[in-house]
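S.K.: Quick one: this structure, given as structure tokens, is what I'll be asking you about.
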Amino acid sequence: MSRAALGLGLLALGLGLALPLASLPPFALGQWDKAEPLVIGFHGVGALAALAVALALAAEPVRGLRRVAHPYVAAPLALGLWSAAVAPLTPLPLLSLFGAPQSGFGALWFLDAAALIACARLVARHRRSWRGLTLLALGLGLAVAALKAWDWWGLAHGDGGHLLIFVAAYYGWLGLALPLLARRHPGESHRLELALLAVALALALVSRSIAALALLLAGAITVVLVRSRPGLAAVLTPRLGAALVAIAALLPWSLLHLLPAVTRVESLRDRLLVSRVMQAALRADPAPLLGHGWGRTQDALRGWLTVAGERLWDPGWIFLKSDYFHSHDWAMEAVYAAGLPGLLLTLAGFLAIPLFARPSRRVEATAFGCALAALSGLWFPLCLSVPLLALALAALADDTAWLGRGAGPWPGRGIALAALGLALALGAAAVQLWQQGRALDAVRAGWQAQPPLALAPPADFRGSDLAAAEAIRDALARFARRARTEPTPPLAAAVGAMLAEIDRRAATTLTVPLLETGLTALAQIQVTGELGFAAAPGQAAMGRRWLDRLLVLAPGRGDLAIPTFSLLLAVGRGDAVLALADRLLAADPGDPVGLHFRGLALLLRQDPASAAEGFRLLRAALDRGIERFLPIDPAVKKRLGQP
């Protein structure tokens, strides 16, 4: 490996290890100001890693290719290339490439991972460089654990601010990978191993992830037991290790669906409900070969959440209080995004860990593979942990090379050119995301000005309207508070600009939350009054257009018509209530919202025949679960003959 390639590789991996610190306040950017800098930084270090690989292969095309052409690199590379190849065939191609804005979990994410693993494989040959990276990982791991502990201390003492990402479970992935960086040579002490394990335990503890902590401890205990009895290691063949990893990959789903007792734990019950929602989305629109593209899970969850059977007006379900952009299940996510090929390639990545590990580290590789597969059935990593995971895999990898042996220099040079192209693409992706975040920040600053500016959020080049939806939602909540102390005409003008932008996008958007945000805003204007100062002509027609589009994208979300029903009833438009109820019932004859409001509209006619039918429909709505969407007065239930 040339000195230039080595230096660039060390820079890429060193910056990658520091990536968790990109969530600190000085780097805040975009709607998700602690997550978006991570994604930008991830593409940046991925570009540097790909460039380092290109330089290494250009200098030593045969030798370098033997290091790079390893199954650990091939698995994410294949998934990334498949996802990129089919992205043009999905509804939102650029979103599938870039992934959900909160995580970047898309085709480029896997190409970044492949570049980092390849870079780590090249650097791993250099003992001093590896030790330096290990010590850097140790120090940064300790810093992240300390910062997250500080966040928890501040929260416990009334300080709501957070330095790092609030959801701490993402840092548990760092703890799983960190101990694997130790490569003890004969005669060396165990001090570095113990230090890495201690910091890993600290990361698992501050992550507050019982699963991550349990998997870390189980893996450490297993390794210690096997080392104390060398004969046990010989029993663990590569195929047996792969079988254990496969079992671990399927275990979370099996436990959730076949062992009801585990769902007494609130977080596990949440995973079961999310799984049911995603299964409903898959049944409604399977796309088994190509999938729907990465970054679409949030729309699927918001479009089908009612099948979970939870009360939406009194949320006890974790999902209703969170921002879910992933299904928390590796298999469900892969098959929904990239079809059955994506599912098989993801599984192959897990199985490759024990299959292609050094014999001396196969026990650790199997434990690591089981931990990653099992945790991926309940949670998912952010890109902040990928550089450390790449180093861990490089530490475990054997000398398998699928290319390079017996080949001349041309394959290596060809792949060097491909790596150079990847570096340019990833660098361009980082710049594009940075510009997008800056543009949205400028609009948000205009909304926060006094008086606020009447600005529309910028169009997202990825095709998703999610950032606009959430930015508008947050701004409207602030405007409702500001209206108590500020002149309302500028606030009303700003709200009008936001609603006009939603209306402009409504006819073509594929983003369910954008329409949810718009309909909620109209309810706050017309029904609850929190934004009553922004009332304007034409908003009723606007709301009907949005609801029509929403029912196309999410036919099971009749609950979002409740504010419209309420407003129509309040102004005495019973015929319009009946027409809208009939639309819901045409899509689903048992829709409890349609049954309930059709029943109310018939009661308003005040004739005996209509009243009898109205009461029948109200009873049917109760039987169908209308109380999941609306609280029903016990006296009303009693009159309807319900307990």
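The values are calculated or read from the model by the stated rules, or taken from the named source; none is laboratory data. Everything numeric here is computed off the predicted structure, so don't read it as measured data. All Cβ positions, even for glycine, are placed from backbone atoms using ideal geometry, and neighbour counts span all protein chains on display. What goes into the accessible areas is simple: the full protein's heavy atoms, side chains included, and nothing from ligands, DNA or RNA. Shrake-Rupley method; radii C 1.70, N 1.55, O 1.52, S 1.80 Å.
S.K.: Let me know the longest stretch in the chain that avoids all chymotrypsin sites (Phe, Trp or Tyr not before Pro) found in a DSSP loop with at most 14 other C-beta atoms within 10 Å.
M.R.: With chymotrypsin sites (Phe, Trp or Tyr not before Pro) excluded where exposed in loops, the chain gives 462-643 as its longest stretch.
S.K.: Keeping all protein chains in place and using 1.4 angstrom, which order do R3, R227, R361 fall into by accessible surface area, from largest down? Don't jump to the answer; show the numbers that get you there.
M.R.: Working: R3 220, R227 125, R361 20 Å².
So the residues, ranked largest to smallest area, are R3, R227, R361.
S.K.: Ignoring ligands, DNA and RNA, please state the percent of accessible area on the chain from carbon and sulfur, probe 1.4 Å. Could the numbers behind the result be given before it?
M.R.: Values: 17390 of 26780 Å².
That fraction is 65 percent.
S.K.: Return the FRET efficiency for the residue pair L312, D588: r is the Cβ-Cβ distance, R0 is 22 Å, and the value is rounded to the nearest 0.05. Mind showing how you got there, number by number?
M.R.: Working: r = 17 Å, r/R0 = 0.75.
Taking R0 as 22 Å, the efficiency between L312 and D588 is 0.85.
S.K.: Mind putting a number on the dipole of the chain about its Cα centre? Charges go on the C-beta only, +1 for Lys and Arg and -1 for Asp and Glu, and I need it in Debye to the nearest 20. Spell out each step's value before the answer.
M.R.: Numbers: 57 positive and 41 negative charges, 330 e Å.
Using only the charged Cβ atoms, the result is roughly 1580 debye.
S.K.: Give the Kirkwood hydrodynamic radius (Å, one decimal) of the chain, defined as one over the mean of 1/r across all pairs of different Cα atoms.
M.R.: That comes to 26.7 Å for the chain.
S.K.: On to the next question. With an 8 Å Cα cut-off and a minimum separation of 6 or more residues, compute the relative contact order for the chain in percent. Could the numbers behind the result be given before it?
M.R.: Numbers: 1021 pairs, mean separation 112.5, N = 643.
About 18 percent, as a whole number.
S.K.: Rank R269, R481, R302 by accessible area, highest first, at a 1.4 Å probe radius? Write down the numbers at each step before the final one.
M.R.: Working: R269 85, R481 125, R302 55 Å².
In descending accessible area the options line up as R481, R269, R302.
S.K.: Of D588, D398, D151, which has the most accessible area with a 1.4 Å probe, and how do the rest follow in descending order? Each step should come with its number before you reach the end.
M.R.: Numbers: D588 70, D398 25, D151 5 Å².
Reading off the accessible areas and sorting them downward yields D588, D398, D151.
S.K.: Using modelled amide H (1.01 Å from N, peptide plane; none on Pro or chain starts), what sits under 5 Å from the amide H of A357, excluding residues fewer than 5 places away?
M.R.: D398
S.K.: Moving on to the next point. Once you have the Cα-Cα distance between R438 and R3, take 0.36 nm times their residue separation minus that, and quote the gain in nm to one decimal. Before the final figure, lay out each step's value.
M.R.: Details: separation 435, 0.36 × 435 = 156.60 nm, distance 3.62 nm.
Full extension of this stretch gives 153.0 nm more.
S.K.: Quick one: what does P(r) look like for the range 511-643 with 10 Å bins over all Cα pairs, in whole %?
M.R.: So the P(r) values, bin by bin, are 12, 42, 34, 12, 0.
S.K.: Which value results when the Cα radius of gyration for the range 240-364 is divided by 2.2 N^0.38 Å? Write down the numbers at each step before the final one.
M.R.: Values: Rg = 16.4 Å, N = 125, 2.2 N^0.38 = 13.8 Å.
Compared with the compact-globule rule of thumb, the range 240-364 sits at 1.19.
S.K.: Right, next: Which lysines does K148 reach when only Cα atoms under 27 Å apart count, and residues fewer than 8 places away in its own chain are ignored?
M.R.: Partners within reach: K34, K321.
S.K.: Ignoring ligands and nucleic acids, what accessible area does M278 show with a 1.4 Å probe (Å², nearest 10)?
M.R.: 0
S.K.: Report the rotationally averaged projected area of the range 112-209 based on its alpha-carbon convex hull, in square nanometres.
M.R.: Numbers: hull surface 28.6 nm².
That works out to 7.2 nm², a quarter of the Cα hull's surface.
S.K.: Given the -39500 (n - 2.57) contribution per DSSP H run of 4+ residues, what per-residue ellipticity at 222 nm results for the chain, rounded to the nearest 500 deg cm²/dmol? List each step's numbers first, then the result.
M.R.: Values: 27 runs with 427 residues, N = 643.
The per-residue figure over the chain is -22000 deg cm²/dmol.
S.K.: Moving on. What full-extension length gain, to one decimal in nm, is calculated for D474 and A149 as 0.36 nm per residue of separation minus the Cα-Cα distance? Walk me through the numbers on the way to the answer.
M.R.: Values: separation 325, 0.36 × 325 = 117.00 nm, distance 2.80 nm.
Between D474 and A149, full extension yields an extra 114.2 nm.
S.K.: Please work out the Cα convex hull volume for the range 99-168 and give it in Å³ per residue. Walk me through the numbers before you get to the answer.
M.R.: Values: hull volume 6.0 nm³, N = 70.
Enclosed volume per residue, from the Cα hull, is 86 Å³.
S.K.: Oh, and also: Based on the Cβ-Cβ distance of R481 and H190, what FRET efficiency does E = 1/(1 + (r/R0)^6) give at R0 = 51 Å, to the nearest 0.05?
M.R.: Values: r = 57 Å, r/R0 = 1.12.
Rounded to the nearest 0.05, the efficiency is 0.35.
S.K.: Separate question: In terms of Cα to Cα distance under 19 Å, which aspartates and glutamates are near enough to K638, apart from those fewer than 8 places away along the same chain?
M.R.: Correct list for K638: E613, D623, E627.
S.K.: If I take the Cα coordinates of the range 449-528 and project them onto the principal axes, what are the three extents in Å, biggest first?
M.R.: That works out to 37, 27, 17 Å along the principal axes.
S.K.: Further question: Under unit Cβ charges (Lys, Arg +1; Asp, Glu -1), what dipole magnitude, rounded to 20 debye, does the range 1-142 have relative to its Cα centre?
M.R.: Using only the charged Cβ atoms, the result is roughly 780 debye.
S.K.: Separate question: What FRET efficiency do you get for R413 and L136 if R0 is 25 Å and r is their Cβ-Cβ distance, rounded to the nearest 0.05? Mind dumping the intermediate values first?
M.R.: Details: r = 32 Å, r/R0 = 1.27.
So, using R0 = 25 Å, E works out to roughly 0.20.
S.K.: Something else now. Taking the Cα centre of the range 348-429 as origin, sum charge times position over the Cβ atoms of Lys and Arg (+1) and Asp and Glu (-1), and report the length of that vector in debye to the nearest 20.
M.R.: Details: 5 positive and 3 negative charges, 28 e Å.
Magnitude of the dipole: close to 140 debye.
S.K.: Moving on. Name the residue from A554, A459, H70 whose Cα lies farthest towards the positive end of the charge dipole of the chain, charges +1 on Cβ of Lys and Arg and -1 on Cβ of Asp and Glu.
M.R.: H70
S.K.: Further question: Residues of the range 329-343 with the amide nitrogen closer than 18 Å to a label point 7 Å from the Cα of L258, along Cα-to-Cβ, please.
M.R.: Those under the cut-off are 330-332.
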